[in-house]
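Participant: Sharing a structure with you now.
Every number here is computed from the coordinates shown, using simple stated rules; none is lab data. Because the structure is a prediction, the values reported are computed rather than measured. Positions of Cβ are generated from backbone atoms using ideal geometry, with glycine treated the same way; all protein chains shown enter the neighbour counts.
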Amino acid sequence: MSFDDLAADLVALEARGLRRQRRLLESPQSAHVTVDGRDYVAFCSNDYLGLAADSRLIAAACKGARADGVGAGASHLILGHASSHHRLEDALARFVQLPRALLFSTGYMANIGAVTALVGRHDDIFSDKLNHASLNDAAQLSRANFKRYMHCDLAALERLLAASMARRKLVVTDAVFSMDGDIAPVRELLELCERFDASLLLDDAHGFGVLGAAGGGVLSHFKVASPRIIYMATLGKAAGVSGAFVAGEPDLIDTLIQGARTYIYTTATPPMLAHALLASLEIIARENGRREALARLIEQLKTGVAGLRWQLMPSETAIQPLMIGGNAEVMRVSAALAERGVLVPAIRPPTVPTGTARLRISLSAAHTDEDVARLLDALHCVEKAT
């Protein structure tokens, strides 16, 4: 490998409008941020309930650091599984009404660990075309037969399941699709899994804390329950902290403890974060007003974009993608919004299919009506100027 080749590849990415750049956040994550020395209203984060900088979570983390120290010091299976980790796992299982839960350091690691521990050669994985990269990478690493179906195409999935002779069959899907904001047809997916003796892994990274009664997530939203369900959710989005968990039947969790490499071979997350997350769960369950505020902001945005030549994609969630189309145009629009003090990320291939570049507007309960009005005014001004 030549570093000259790498430089040429970077130049090619730049020419296609696909080279990524990092912004420097100089304030706590919130609806109002300081980035690269300038103040903005931000519609960029997954902090859907506005808890990332909540003083109660900060206090709980500080209390946890005083009680348990800063670092875990070991993997969960050596000596890193603190009592606060264990209390959090029990609380998460109760929160999503499943028998047991297991903590992971990230959602990416949770999906990789769960899929590779459960299926392998001679097994079949069935995956929605728009699933998160972690699910696709997990399928590849598992060495199972990887079969993809068009987005939410239940008939195509049914045909694939009917033709499968695999020892184990696993359907994997985002619950809320991270770049489109739509919700998977969970009831129908579960019915297919019941009929064809398959398991169903639901990645509820963007639904946990937001959907369902008291923020219980997609299972609560659809009122479904089954021992076939493998439920994954992240704790750095609506929960406002960090990490992830997998929940399900006791034998599932024991199997992951024995075989999920991303759980076994990594240092446990700092136990002080478990203290913060225990506080977060209480707030999520108790403060329904956050979800009500989020729903109101979603409707305000939908009403306000009427008449723009750019259209919102169908979504009832906090993820509201505004379809732009081309890479160059989406970058121009995002930059023009930033000039007006509004940050909205431009999402381009390979994250989304070619020709579907979009602004991914992420709303939070921390936003105000005035914040959304400012975004709408900026969008209308930019449209007129381009």
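Participant: Based only on Cα atoms, what Rg/Rh ratio does the chain have, Rh being taken as Kirkwood's radius? Don't skip to the end; give the middle numbers.
Facilitator: On the way: Rg = 21.2 Å, Rh = 21.9 Å.
Dividing the radius of gyration by the Kirkwood radius yields 0.97.
Participant: Here is a follow-up. What is segment 259-381's relative contact order, in percent, from Cα pairs under 8 angstrom and six or more apart in sequence?
Facilitator: 25
Participant: Distance between the C-alpha centers of segment 323-371 and segment 12-32? Whole Å please.
Facilitator: For segment 323-371 versus segment 12-32, the Cα centre distance is 11 Å.
Participant: Could you line up K384, K237, K63, K169 from fewest to most neighbouring Cβ atoms inside 10 Å? Please report the intermediate quantities before stating the final value.
Facilitator: Values: K384 7, K237 28, K63 14, K169 23.
So the ranking, lowest neighbour count to highest, is K384, K63, K169, K237.
Participant: Follow-up question, since we're still on this one. Using a ≥ b ≥ c from the Cα gyration tensor of segment 197-299 (square roots of the eigenvalues), is it rounded, prolate or oblate, where a/c under 1.5 gives rounded and otherwise the larger of a/b and b/c decides, a/b for prolate?
Facilitator: Numbers: a/c = 2.48, a/b = 1.33, b/c = 1.87.
Verdict is oblate for segment 197-299.
Participant: Among M179, M232, M323, which comes first, second and so on when ranked by fewest other beta-carbon atoms within 10 Å? Before the final figure, lay out each step's value.
Facilitator: On the way: M179 18, M232 27, M323 15.
Listed from fewest to most nearby Cβ atoms, that is M323, M179, M232.
Participant: With a 10 Å Cβ neighbour count serving as the proxy for reagent exposure, in which order, fewest first, do T368, T173 appear? Walk me through the numbers on the way to the answer.
Facilitator: Values: T368 14, T173 25.
Least crowded to most crowded, the residues run T368, T173.
Participant: Which percent of Cα-Cα pairs in segment 260-324 sits in each 10 Å bin, short to long?
Facilitator: 16, 27, 22, 25, 11, 1
Participant: Find the centroid of the Cα atoms in segment 45-76 and in segment 138-206, then give the distance between the two in whole Å.
Facilitator: Cα centroid of segment 45-76 versus Cα centroid of segment 138-206: 34 Å apart.
Participant: Sticking with this one: Can you pick out the pairs among K63/K237; K63/K223; K129/K237; K302/K384 whose Cα atoms lie more than 25 Å from each other? Before the final figure, lay out the partial values.
Facilitator: Details: K63/K237 22 Å; K63/K223 36 Å; K129/K237 23 Å; K302/K384 19 Å.
With Cα atoms farther than 25 Å apart: K63/K223.
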